[in-house]
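Bear in mind that the values in this text are calculations on the coordinates, not laboratory data. No experiment lies behind these values; they were computed from the predicted model shown. Every residue, glycine among them, receives a Cβ derived from its backbone with ideal geometry; neighbour counts consider all protein chains shown.
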Amino acid sequence: MPHIRIVIADDQILMRDGLQTIISLEKDMEVVAVASNGEQAVELVRDTRPDLVLMDVQMPVVDGIEATRRILADFPETKVIMLTTFDEEEYIIDSLNQGASGFLLKDLQADKLIEAVRDAVAGQLMLPGSVASKLAARISFLTAGSQKPTHTGRLKKEGISFTDREKHIIQLLLEGKTNKEIAKTLFMSEGTVKNYVSVIYQKIGTSDRVKAIMCLKELFA
């Protein structure tokens, strides 16, 4: 059985210690480094070249989704499993869009976590039931495109337009960037970006991020 080298990235000390203890009991696994934020995680992956990273979604300095993007850009062979206490749709979509190998909730039992690590290293996509159901719902929406009326005609008919700033933000949204990444790119506060995004959503008549992205792709294709 191959030896699996792991980096743990989580801003909660108890969570890091707990994961390290669980993994240390497995003969085929080794924690080679621990990080308390996404920036440290990226640096440690560069230094240790692990097989897998257990990555908290919400961390200071650099969040887990951005850290995953940076890691997989330089080390695409590395597996990343996202860890969070939430099963919110935006996290699921953003994490998988950046190339994560799975998305697990932190209340997962120890034996299930170990099994998930082994399966991820073997190339399987890891999603708990509650996460998989949300993703399935989004896939259902995306594949139902031929049944949706187009928004383009309505926007033109109603004279809805976007400002240059809104168009710039839309471009970044279509590139898959999070609100935090957009704020950094445009030198704005995250709160200001959220306000712009809310206005954009109102103009196209939806509050669903995935639905909005699909509509904007159609409008700006």
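The table for this structure:
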{"item": "Ranked by how many other beta carbons lie within 10 Å on average, peptides 108-116, 60-68 from highest", "result": "60-68, 108-116"}
{"item": "Segment 4-139 - Rg over Rh from alpha carbon coordinates, Kirkwood radius", "result": "0.92"}
{"item": "Net length gained if the chain between K106 and S207 were fully extended (0.36 nm per residue, minus Cα distance)", "result": "33.6 nm"}
{"item": "Environment charge of A67, counting only residues whose C-beta is closer than 11 Å and scoring Lys/Arg +1, Asp/Glu -1", "result": "-3"}
{"item": "Neighbourhood charge, 14 Å Cβ-Cβ cut-off, centred on L54 and excluding it, Lys, Arg +1 and Asp, Glu -1", "result": "-3"}
{"item": "Per-residue ³J(HN,Hα) for segment 51-56, Karplus 6.51 cos²θ - 1.76 cosθ + 1.60, θ = phi - 60°, Hz, x for Gly and Pro", "result": "7, 8, 10, 8, 10, 5"}
{"item": "Long-range HN-HN contacts of M126 with modeled amide H, under 5 Å", "result": "G102, F103"}
{"item": "Protection-proxy order for peptides 19-28, 32-41, 204-213, each taking the mean of Cβ atoms within 10 Å per residue, highest first", "result": "32-41, 204-213, 19-28"}
{"item": "Whole-Hz couplings from phi, Karplus 6.51/-1.76/1.60, listed for segment 179-193; x for Gly and Pro", "result": "4, 5, 5, 5, 4, 5, 5, 9, 6, 10, 6, 4, x, 5, 4"}
